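So the structure is just underneath, and the comments pick up after that.
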Amino acid sequence: MTYLTASGGVGASFWIIYIVAIVAFMYFFMIRPQNKQKKEKEALMSSMAVGDSVLTSSGFYGVILDITDDVVIVEFGSNKNCRIPMQKQAIVQIEKPGQE
């Protein structure tokens, strides 16, 4: 199958197939994984509860003490005075109590 026209140029059907292939590539390798990651992050945020052990984006481990709309109060270490409010988006991993 040749895509050359009578004048020696590339036919329009080749360009249409080429554009469709690029769009499909971008969807399957860029847009779809990003949407999947966004859904996983939303599921993580919705499963958050008081008493869960969390890992923050800065690498600190702590326990959730209170949750509001977009702020979480996390207690770090064994010192009961180290309580820091932070955004929910700063939490990257959640471990439920009793789960290993």
Self-check item: Estimated vicinal HN-Hα couplings, Hz - segment 16-25 in sequence order (Karplus 6.51, -1.76, 1.60; Gly, Pro = x)
Solution: 5, 5, 4, 5, 4, 5, 5, 5, 4, 4
Quiz prompt | Rotationally averaged projected area of the chain (alpha carbon convex hull; nm²) | solution = 10.8
Quiz item: How do the peptides 33-46, 65-78 rank, highest first, by the average count of neighbouring beta carbon atoms within 10 Å per residue?
Solution: 65-78, 33-46
Quiz item: Of the heavy-atom accessible surface of the chain (probe 1.4 angstrom), what whole percent is carbon and sulfur?
Solution: 61
Self-check item: Surface accessible to a 1.4 Å probe, per residue, for the residues of segment 20-100, Å²
Solution: 75
Quiz item: Once amide H atoms are placed 1.01 Å from N in the peptide plane, what residues at a sequence separation of 5 or more from Asp52, or on another chain, have their amide H within under 5 Å of its amide H?
Solution: Ile64
Quiz item: Can you work out ³J(HN,Hα) from phi for every residue in segment 80-93, in order, using Karplus 6.51 cos²θ - 1.76 cosθ + 1.60 and θ = phi - 60°, giving whole Hz and x for Gly and Pro?
Solution: 6, 8, 9, 10, 10, x, 8, 6, 4, 5, 7, 8, 10, 8
Practice problem: In whole Hz, with x marking every Gly and Pro, tabulate ³J(HN,Hα) for segment 38-46 from phi via Karplus 6.51 cos²θ - 1.76 cosθ + 1.60, θ = phi - 60°. | Solution: 5, 5, 5, 5, 5, 5, 5, 5, 6
Exercise. Under a cut-off of 24 Å between alpha-carbon atoms, report the lysines in cross-link reach of Lys41, not counting same-chain residues fewer than 8 places apart.
Key: Lys88, Lys96
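The values are calculated or read from the model by the stated rules, or taken from the named source; none is laboratory data. Please read these numbers as outputs of a predicted model, since none were measured by experiment. So basically every Cβ, Gly included, is an ideal-geometry build from the backbone, and we count neighbours across all protein chains shown. Heavy atoms of the whole protein, side chains included, go into the accessibility calculation; ligands, DNA and RNA do not. Shrake-Rupley method; radii C 1.70, N 1.55, O 1.52, S 1.80 Å.
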